[in-house]
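Structure provided below as structure tokens; questions to follow.
Coordinate-derived values only; no laboratory data. Values in this document were obtained by computation on a predicted structure and should not be read as measured data. For neighbour counting, all protein chains shown are included, and Cβ atoms are generated from backbone atoms with ideal geometry for every residue, glycine included.
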Amino acid sequence: MTQGSHMRDSLGGFLPGDEPIRLLAPDGTATDHPLVPQPVDPIDDADLLRAMYRDMVLARRVDTEATALQRTGELGLWSSCLGQEAAQIGSAHAMRATDFAFPTYRESAVAWARGVDPVGLLGLYRGTTHGGWDPVEHGFGLFTIVLGSQVLHAVGYAMGIQRDGSDDAVIAYYGDGAGSEGDVHEAMVFATVEAAPVVFFCQNNGWAISEPIERQTRVPFAQRAAGYGMPAVRIDGNDVLASLAVTRWALERVRTGSGPVFIEAITYRMGAHTTSDDPTRYRPAGELEHWAGLDPIDRMERYLRSTGAADDAWFAELEAQADALGERIRAHVRGAQDPDPIEMFDHVYAEPHADVQRDRTRWESMISGGAA
Ligand SMILES: Cc1ncc(C[n+]2csc(CCOP(=O)(O)OP(=O)(O)O)c2C)c(N)n1
Ligand SMILES: [Mg+2]
């Protein structure tokens, strides 16, 4: 059974349509695809392939540490990207340093690949920061909870750099559920009409909390793109090679002024929606096990081992790096100091503002024990 033919009742939850592009099979075998103009060359790109595997493993370690820290009361919440590492790491590796990505709340693997220190990311979920990193420094926007809003921001930013004459490009990440928001529709209208340099990267992970994909669309998402007037590609989102190659192609295309591209990455959220959710209440029996067999990291490990691109010593070294990262994250999170509450007024506007100043004064008075 192929991934593209899955309906929910046959496990997987995806509407049938064009077969997703897959360059790396679950058994670790790499294949060509006639529609991929820039295939990844396994020999020339061995460093890149190892780097992407390393990033997937380390991003997963950040994720599992964060979940454990929430369970022990150190974080208020965590939104796991477990299972979605290939979609995120492959697409992020296709970006230039000067490109810009706009994430939801689940792109912690993209954050990792953009050089964001996970300690900043976890501070957001501990409530010790309202941001956690400098978006401009990393070309990576702040996490966005309001579904779909970052897609509008991405298109607005893309239209801005287009007017600046830059050939940088933008990725707008969003989920299948967010695709039902008006903001995403409006963003696509602007992007296509303006030929904005933006790639819409929809991680279709089958669920919007407990709402299955069938509640969002009657057709594969990729088919919607034609209605806006942009090309669309479906990829196996658990295949880091497909994610890299197709996003590379898409970014190069949008840079040239040819207008936006839509990528539907078919993947699966193997964890809970957030640590506040219990997926056993809505997931059909067997679905998680099915997707565990398609794990993006396992298949890349098989590939690296079978081609000789990495050996036991390399994997052991990576495991040690992951352990050290986990230790560093735990120490930083547990040792994090609460910020001065007054700081929240610092970044509301770039310039001083009378209303903010008034609130700030009242707040200062309240926390120092004065009357409000
Ligand atoms: C405008 C808006 N409506 C509702 C919510 C509540 N909400 C948070 S996440 C979520 C589901 C999103 O699903 P999807 O876009 O598929 O992303 P995923 O969580 O699967 O990565 C909902 C309904 C929200 N954050 N913003
Ligand atoms: Mg989803």
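Does segment 3-339 come out rounded, prolate or oblate, given a ≥ b ≥ c as the square roots of the eigenvalues of its C-alpha gyration tensor, rounded meaning a/c under 1.5 and, failing that, prolate meaning a/b above b/c?
Rounded, since a/c falls under 1.5.
Okay, moving on. For Trp314 and Ile342, what is the calculated FRET efficiency with R₀ set at 51 Å and r taken between the beta-carbons, to the nearest 0.05?
Calculated value: 0.55.
Something else about it: Determine the gain in length on full extension of the stretch Glu19-Thr274; use 0.36 nm per residue of separation and subtract their C-alpha separation, reporting nm with one decimal.
Additional length available on full extension: 88.8 nm.
For segment 73-83, just list the computed ³J(HN,Hα) in residue order, Karplus coefficients 6.51, -1.76 and 1.60, θ = phi - 60°, integers in Hz, with x standing in for Gly and Pro.
Using θ = phi - 60°, the values come out as x, 8, 10, x, 6, 8, 10, 7, 10, 3, x Hz.
Would you mind calculating the relative contact order of segment 3-339 from Cα pairs under 8 angstrom and at least 6 residues apart, reporting the percent as a whole number?
Working: 647 pairs, mean separation 88.8, N = 337.
Value for segment 3-339: 26 percent.
Oh, and also: Could you run the Karplus curve 6.51 cos²θ - 1.76 cosθ + 1.60 with θ = phi - 60° over segment 271-288 and give me ³J(HN,Hα) per residue in whole Hz, x for Gly and Pro?
Running phi through 6.51 cos²θ - 1.76 cosθ + 1.60 with θ = phi - 60° gives x, 6, 4, 9, 5, 8, 10, 10, x, 5, 7, 9, 6, x, 4, x, 5, 4 Hz.
In the chain, what percentage of the DSSP-assigned beta bridges are antiparallel, given to the nearest 5?
10 percent
Specify the inter-centroid distance of segment 174-236 and segment 353-367, based on alpha-carbon positions, in whole Å.
Centre-to-centre distance over Cα atoms comes out at 41 Å.
Turning to a different aspect of this structure: What distance in nm separates the two pseudo spin-label positions at Leu48 and Glu137, each 7 Å out from Cα along the beta-carbon direction?
Result for the modelled spin labels: 2.8 nm.
At what distance in nm do the modelled label points of Arg218 and Tyr282 sit from each other, each positioned 7 Å from its Cα along Cα→Cβ?
It is 2.2 nm.
Using 7 Å Cα-to-Cβ label points, what is the Gln357/Thr256 separation (nm, one decimal)?
Each label point is offset 7 Å from its Cα along the Cβ direction, giving 5.3 nm.
What length, rounded to one decimal in nm, is gained on full extension from Arg96 through to Arg302, with 0.36 nm per residue of separation minus their alpha-carbon distance?
Value of the extension gain: 71.4 nm.
Work out how much length Ser210 to Asp117 would gain on full extension: take 0.36 nm times their residue separation and subtract the Cα-Cα distance, in nm to one decimal.
Taking Ser210 through Asp117 to full extension adds about 30.4 nm, to one decimal.
Karplus couplings for segment 85-90 from phi (6.51 cos²θ - 1.76 cosθ + 1.60, θ = phi - 60°), rounded to Hz, Gly and Pro as x?
Running phi through 6.51 cos²θ - 1.76 cosθ + 1.60 with θ = phi - 60° gives 5, 5, 4, 6, 6, x Hz.
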